[in-house]
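**Q** The structure is given below, and queries will be raised subsequently.
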Amino acid sequence: MTNIKDLAKLAGVSVTTVSRVLNDHPYVSKEKRDAVLKAIEATNYYKNINAVHLSKGKTNMMGVVVPFIDHTYFAFLIKGIAKQALKNNYKLVLFQTEYQKERELEALEMLKLKQIDSLIFCSRACDFAIIEEHMSFGPIVLCEHIEGKRISSSYVNQYNVFFEALEYLFEKGHHRIGYSIGRRTGTNSYEREMAYRDFLTKYQLPLHQEYIIDGCLYFEDSEKVMKRIKQMAKPPTALLITSDQVAAGIVTYCQANGIAIPEELSIIGFDNQPIAKMMNITTIDIPLFEMGENLFLQAVAEEISNKEMSVKLIERGTA
C-alpha cells in the first residue's frame, strides 16, 4: 500500500509537505499542492484515519450507551444528542446494551483505547465504581443524579417529581396508589421507591408491595399491569406509570373493558410523549430532547457540570 513517503517521492516534495496537504494546511504553494494531489490520484491513496486521530488526539466520535433504541424515552434523548452532534461535526457510536454489563464494558473499553472521545450513559447497569475506573480516559456523562462525584450529568430529580405526583393524586382523594417501572434497580428507580415509601409514611398509608409492578416499558406491557390489578382484592384506584407508552396501553385496555377513567382508575404517565397528548393522558412533562442536547454539550466541555432539568405536570383527562 502507498504511504506518505511514496507520495513524497512521486510528487518530488518532502514528507512534511505531503502531510500538510493531507491535513489541509494553508502554507503550501499551489505548485506543490497540485503535485501532491496528482500523486494521490495516481496511487488511489487513502490516508490512515487512525493515524490522523492519533496525531490530533481526538476522533470526533462520541459513544452513547442506551439499553433500548426502540423505546421512545431513549429515542428522544438520542435525537437531542444527535442534533448537537450534527452541529458540532461529531459522529455517534450507539451501544444498545439491554442492560448487559459486558456491553457497557465494551463501550468503556473503546473510550480507554481512544476509539471514541467521550461517552454518554443514558442508563446503566454497571456499578459506578466501574465508571469511576474509566473517568481518566475521557469525559463520561450520566443521565442521572450522582451525589458527591466529579462527573457531569443531566438529570431529573426523580424523588421530587414522584413525590409531588403522589401528593397530587392524594389531594384528588386517592389513598391506594400504585406505580409501574421499567426495572427495580438503578438510581432513578431507587429514588422513586424512596419517594413512594416516604409518601406512605407521611400520610400513614399501608405499603402494598403488589402495587409496585416492574418490567413495564412498552405499550403491550399494559395488559400485564391490568391483569395483575384485576387479581387484587383491594386494587389501587390510581397509578403512576413511568412511561406514556404503557399509560396509553392501560387507557386503551380500560376503554375496551368498560373501566371508567378517571372515575374508577386515575392514571398519570411520564415524559409527555405525543401519544399522551393524542389520548388526553395526564402526564409529567420531561424535556428529553433538551436533556439530550445538554448531555452532548457536557461531553465536549472541559469543565464538570450538573444540570437538573425542569419538569411539570400536564393536567389532562386521566387523573
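The values are calculated or read from the model by the stated rules, or taken from the named source; none is laboratory data. What you see is a predicted model; the values in this text were computed from it and never measured. When we count neighbours, we look across all protein chains shown, and the Cβ atoms used for this are built from the backbone with ideal geometry, even at glycine.
**Q** Being touching a residue at least 60 places away in the same chain (Cβ under 8 Å) and in contact with a Lys or Arg (Cβ under 8 Å, 6 or more places away or on another chain) narrows it down to one of ILE177, ILE151, ILE181, so name that one.
**A** Details: ILE177 fails: in contact with a Lys or Arg (Cβ under 8 Å, 6 or more places away or on another chain); ILE151 fails: in contact with a Lys or Arg (Cβ under 8 Å, 6 or more places away or on another chain).
It is ILE181.
**Q** Considering only region 84-134, state which residues are outside any loop (DSSP other than H, G, I, E, B) and among the basic types (Lys, Arg).
**A** Just the residues of region 84-134 that are outside any loop (DSSP other than H, G, I, E, B), to begin with: 84-87, 91-96, 101-112, 118-121, 128-134.
Within region 84-134, LYS87, LYS91, LYS101, ARG103, LYS112 meet the criteria.
**Q** Could I ask something else about it? Across region 33-57, which residue is modelled with the highest pLDDT among those that are assigned to a loop (DSSP other than H, G, I, E, B) and surrounded by fewer than 16 Cβ atoms within 10 Å (Cβ to Cβ)? Before the answer, list the steps.
**A** Of the residues in region 33-57, the ones assigned to a loop (DSSP other than H, G, I, E, B) are 44-48, 57.
Adding the requirement that they be surrounded by fewer than 16 Cβ atoms within 10 Å (Cβ to Cβ) leaves 44, 46-48, 57.
On the way: ASN44: 80, TYR46: 68, LYS47: 63, ASN48: 59, GLY57: 61.
Among those residues, the one meeting the criterion is ASN44.
**Q** Keeping to region 1-18, report how many residues are surrounded by 11 or more Cβ atoms within 10 Å (Cβ to Cβ), within 48 Å of the chain's Cα centre (by Cα) and either within 19 Å of ASN44 (Cβ to Cβ) or of a type in the set (Phe, Trp, Tyr) (or both).
**A** 7
**Q** For region 150-168, does any single residue satisfy the condition of being assigned by TED's automatic domain parsing to the domain that holds ILE130, farther than 20 Å from ILE268 by Cβ and touching a Phe, Trp or Tyr at 6+ places or on another chain (Cβ under 6 Å)?
**A** no
**Q** Could you tell me whether any residue of region 257-271 is within 20 Å of the chain's Cα centre (by Cα) and under 23 Å from LYS83 (Cβ atoms)? Talk me through it step by step, then tell me what you get.
**A** Step one: filter region 257-271 for residues within 20 Å of the chain's Cα centre (by Cα), giving 269-271.
Right, trim to under 23 Å from LYS83 (Cβ atoms) and you get 270-271.
Scanning region 257-271, I find at least one residue that is within 20 Å of the chain's Cα centre (by Cα) and under 23 Å from LYS83 (Cβ atoms), so the answer is yes.
**Q** Take the residues in region 205-246 that are touching a His at 6+ places or on another chain (Cβ under 7 Å), in contact (Cβ under 8 Å) with a residue 60 or more places away in the chain and hydrophobic (A, V, I, L, M, F, W, C); name whichever of them is farthest from LEU313 (Cα to Cα).
**A** Among residues in region 205-246 that are touching a His at 6+ places or on another chain (Cβ under 7 Å), in contact (Cβ under 8 Å) with a residue 60 or more places away in the chain and hydrophobic (A, V, I, L, M, F, W, C), the one farthest from LEU313 (Cα to Cα) is LEU217.
**Q** Then there is this: Every residue in region 70-83 that is closer than 24 Å to ILE181 by Cα and assigned to a helix (DSSP H, G or I), please.
**A** Going through region 70-83, the residues closer than 24 Å to ILE181 by Cα turn out to be 70-80.
Answer for region 70-83, where residues must be closer than 24 Å to ILE181 by Cα and assigned to a helix (DSSP H, G or I): THR72, TYR73, PHE74, ALA75, PHE76, LEU77, ILE78, LYS79, GLY80.
**Q** Continuing with this model, one more query. Report the residue count in region 271-283 for those that are within 22 Å of GLU308 (Cα to Cα) and either outside the structural domain of TYR168 (by TED's automatic domain parsing) or without any contact (Cβ under 8 Å) to a residue 40 or more places away in the chain (or both). I'd like the intermediate steps shown before the answer.
**A** As a first pass, look at region 271-283 and keep what is within 22 Å of GLU308 (Cα to Cα): 271-273, 283.
After this cut, where a residue has to be either outside the structural domain of TYR168 (by TED's automatic domain parsing) or without any contact (Cβ under 8 Å) to a residue 40 or more places away in the chain (or both) as well, the list is 283.
Residues in region 271-283 being within 22 Å of GLU308 (Cα to Cα) and either outside the structural domain of TYR168 (by TED's automatic domain parsing) or without any contact (Cβ under 8 Å) to a residue 40 or more places away in the chain (or both): 1 in total.
**Q** I've got another one for you. Looking at (1) crowded, with 19+ Cβ neighbours inside 10 Å; (2) hydrophobic (A, V, I, L, M, F, W, C); (3) closer than 30 Å to GLN204 by Cα, can you tell me which one CYS122 breaks?
**A** Answer for CYS122: the failing condition is (3).
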